[in-house]
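Structure record follows, encoded as structure tokens.
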Amino acid sequence: MATTTRAKRRKIEALEAKKQQLLEIQNETVDSQDSEDEEYIPNTPNPKPSEEFKSDSSKFSNHSLIVDDFNIEKESLVSAKQKPSRPKTCFVWKFFSEPENDYVICQVANCKAKLKYCNTPATMKTHLAGVHRITEASLKKKSIDELKTSQISGQLTLHQTYEVIHPYSQQRMKQLHKSLTQFVIGTDQPLSIVEEPDFIKYSYDLNPKYKLPCIKTLKEHIDSIYCFANSKIEQELSCNANDVSLTLDLWSSCAHQPYLGVTVHWVDENFYPCEFLLNMEEFPYPHDAFTIAEEINNIIHSYNLEFKVTAIVTDNGSNVKSAIEQLGICKRIPCSAHTLQLSILKGLEKVSQLTSKCKELIRFLSGDKKRQQLREAQAYLI
């Protein structure tokens, strides 16, 4: 894409230079023609045009044609750069005006609500569903004209109508958006919750004056909260943490995506244990010792912990153990829970016959039919 743009730019510059050169030749031709007209004597009969004048005029006409070709080619290049706008096919555009200065206006009844347009109809869908109870399914029951002339849903009172038409100030809306973002993060809600009709209705019933943000705005708030929290962690580690320990673990999600998690722990001056999550990112293959050591080293440097880490707690994987040895900045402490699990698995090998029979019994009773028979037998015994 960049190569194509540079090639077009060079072509336009070459054509501009060519045009300038042709205009200079044209001016010289006109000046020479004016000088010949000054030498012309009116009493003499009109002389026949000389061959030189014919050739000059033919040059002038050729120059005009070249200049016209240049203008046509330049216009074609400019028009080629302009991407055709995508047609607006969403149903919400039947109830909103065209975007003007990044804002759209609702055309339903006397609403005239002014919403910011973020190149997505999510905010408009939220407004139609929450305020006017208009969804895509509504178009199958009523015509567009009927929906446009219908009153704002629920026969709102004068105070409620005023709140819908006059929304909160920008500062207040930012505070409410921040609270909503913290709710989404704290309860692990999907970002699409702001487009769920039931949640929109719930939010509108609580406060008709508040307009839910679109998914794009919600993502921006999540990013700003992350940057703010990260800066607070850096400040806390810089001012209050003298000696820290790290814990790290490599694990896979239900979707079989590998992740690396790193946490930091320390005790403050009041002997209160503190901890923060430093990293939880996808960790692609390979998972060798060198790659793990490099990633840990980057995390340590990003939080300026080079001279503060005293120990790193890890599992007993050979690649992780080798990675800590390659770092060489502190000692490695094996995870107690992982070590205990390995010990139990090692001890269960002594009774492998008994455990295999238990597994077969559980597998036998896991079927629907056998589980129903077992439930009936237990009820009979009671």
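Computed from the coordinates by the stated procedures, all read-outs in this text should not be read as laboratory data. Everything numeric here is computed off the predicted structure, so don't read it as measured data. Virtual Cβ from ideal backbone geometry, glycine too; neighbours counted across all protein chains shown.
For ASP268 and ILE333, the FRET efficiency from 1/(1 + (r/R0)^6), where r spans their Cβ atoms and R0 equals 25 Å, is about 0.75. Here's the picture: a label point sits 7 Å out from the Cα of ILE225 along the beta-carbon direction, and within region 171-186 the residues with their amide nitrogen under 16 Å of it are 173-186. Between SER97 and ILE144, the distance separating the two model label sites (each 7 Å from Cα on the Cα→Cβ line) works out to 1.7 nm. Centre-to-centre separation between the Cα atoms of region 238-263 and those of region 302-350: 12 Å. Could you tell me which residue out of PHE271, ALA323, ASN297 lies farthest along the dipole of region 241-334 toward its positive end? Charges go on the beta carbon: Lys and Arg +1, Asp and Glu -1, centred on the Cα centre. Most positive-ward Cα: ALA323.
In this rough spin-label picture, where each label sits 7 Å from Cα along the Cβ direction, the ALA14-GLU275 distance is 6.6 nm.
Computed extension length for LYS174-LEU206: 9.8 nm, one decimal, from 0.36 nm per residue of separation with the Cα-Cα distance subtracted. With 0.36 nm allotted per residue and the present C-alpha distance subtracted, the GLN372-ASP243 stretch has 40.6 nm of extension available. Proximity of backbone amide H atoms, modeled 1.01 Å from N, is registered between ALA311 and LEU246 at under 5 Å, excluding neighbours fewer than 5 places apart on the same chain.
One chain, two ends: LEU345 and LYS114. Fully extended at 0.36 nm per residue, the span grows by 76.7 nm beyond their Cα-Cα distance. Computed over neighbours whose Cβ is under 15 Å from that of CYS239, the net charge equals -3, Lys and Arg +1, Asp and Glu -1. If you place +1 on the Cβ of every Lys and Arg and -1 on the Cβ of every Asp and Glu, how big does the dipole about the Cα centre of region 241-334 come out, in debye to the nearest 20? Dipole size: approximately 220 debye.
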